[in-house]
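So the structure is just underneath, and the comments pick up after that.
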Amino acid sequence: MGTFLQTGIITEFSFGTPAVGLKGISFEAFKTSVARTVVDSTDSFDCKDEGGGYYKWSWKREARRKHLIPLLDRYYADFYGKGSKEFAAYCDPVISFLVADPSDEDLISWAENEGLETFYLSDDWFRMATVNGQEIRVNITLVSLSSEGKVLVEEMQQHLSFFEKALRFVYGDNPFGKCLTVDVG
């Protein structure tokens, strides 16, 4: 039985307001608190009211233009090695595509159709955020940057959250580095 250890960058996340009410916290403070439990750099995201009490935070295009290529160039070099054949085969195509500044729609289509293991969309992840004593399910879309297979994990000591914090610290000079995530699924 195997699953994948995956490192990615969060591109969007969504959640609904609790049905029971916010109990002593303003709505704006609630939205910001939930967002900060998911990413450490909310300035790189726009929040959109989806209606029905649901909110979606998505990458700002200008933030993607400014921060994504420098983060990927550094992450891929650290992970694969800048001069490696893997870097040339799997990372250079991603960076070359992004240099052309594709639209959000073109980027999504390319990521879905190209089949590269270093840059593909995954939207079946979620986190549970606790804000003001209330647990909120946050649905996450990410771009997978690297993964390993056949991993069996029973997390008992918060290793995944520790690794995520460590990655965000190492790459924290880049706002998108503060949106890196590690998970098994």
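The values are calculated or read from the model by the stated rules, or taken from the named source; none is laboratory data. Since we're looking at a predicted model, the values are computed, not measured. Counting neighbours? That spans all protein chains shown, and the Cβs are built from the backbone with ideal geometry, glycine included.
Given the conditions (1) farther than 17 Å from Ser146 by Cα; (2) touching a residue at least 12 places away in the same chain (Cβ under 8 Å); (3) of a type in the set (Phe, Trp, Tyr), which single one is not true for Phe4?
Every listed condition holds for Phe4 apart from (1).
Which residues, counting only those in region 81-105, are surrounded by 14 or more Cβ atoms within 10 Å (Cβ to Cβ), in contact (Cβ under 8 Å) with a residue 24 or more places away in the chain and of a type outside the set (A, V, I, L, M, F, W, C)?
Within region 81-105, just Tyr90 meets the criteria.
Quick one: in region 2-30, which of the residues that are loosely packed, with under 14 Cβ neighbours inside 10 Å and touching a strand residue (DSSP E or B) at 6+ places or on another chain (Cβ under 8 Å) is modelled with the lowest pLDDT?
Gly2
Determine whether Ile108 is farther than 21 Å from Gly177 by Cβ and without any contact (Cβ under 8 Å) to a residue 60 or more places away in the chain. If you could, list the steps in order and put the result at the bottom.
Values: farther than 21 Å from Gly177 by Cβ: yes; without any contact (Cβ under 8 Å) to a residue 60 or more places away in the chain: yes.
Answer is yes for this residue.
Which condition breaks for Thr37 when tested against (1) polar (S, T, N, Q); (2) over 19 Å from Ser144 (Cβ atoms); (3) touching an Asp or Glu at 6+ places or on another chain (Cβ under 6 Å)?
All conditions pass for Thr37, except number (3).
Inside region 111-126, can you point out the residues that are surrounded by 18 or more Cβ atoms within 10 Å (Cβ to Cβ) and outside any strand (DSSP E or B)?
Those that are surrounded by 18 or more Cβ atoms within 10 Å (Cβ to Cβ) and outside any strand (DSSP E or B): Ala111, Thr118, Phe119.
Just one of (1) exposed (fewer than 13 other Cβ atoms within 10 Å of the Cβ); (2) within 16 Å of Gly172 (Cβ to Cβ) trips up Arg36, so point out which.
Answer for Arg36: the failing condition is (1).
Considering (1) exposed (fewer than 12 other Cβ atoms within 10 Å of the Cβ); (2) under 18 Å from Ile140 (Cβ atoms), say which one Gly52 fails and leave the rest.
Just one mismatch for Gly52, condition (2).
Filter region 127-142 for residues that are part of a strand (DSSP E or B) and at pLDDT below 90 and give the result.
Start the filter on region 127-142 by keeping residues that are part of a strand (DSSP E or B), which leaves 127-131, 134-142.
Residues satisfying the conditions are Arg127, Met128, Ala129, Thr130, Val131, Gln134, Glu135, Ile136.
Would you confirm whether or not region 31-49 contains a residue that is touching a Gly at 6+ places or on another chain (Cβ under 6 Å) and modelled with pLDDT of 90 or more?
Just the residues of region 31-49 that are touching a Gly at 6+ places or on another chain (Cβ under 6 Å), to begin with: none.
So far as region 31-49 goes, no, none of its residues is touching a Gly at 6+ places or on another chain (Cβ under 6 Å) and modelled with pLDDT of 90 or more.
Output the residues belonging to region 77-116 that are over 17 Å from Ser58 (Cα atoms) and touching a strand residue (DSSP E or B) at 6+ places or on another chain (Cβ under 7 Å).
Answer for region 77-116, where residues must be over 17 Å from Ser58 (Cα atoms) and touching a strand residue (DSSP E or B) at 6+ places or on another chain (Cβ under 7 Å): Phe79, Glu112.
Would you call Leu107 touching a Gly at 6+ places or on another chain (Cβ under 6 Å) and either closer than 20 Å to Asn174 by Cβ or in a helix (DSSP H, G or I) (or both)?
no
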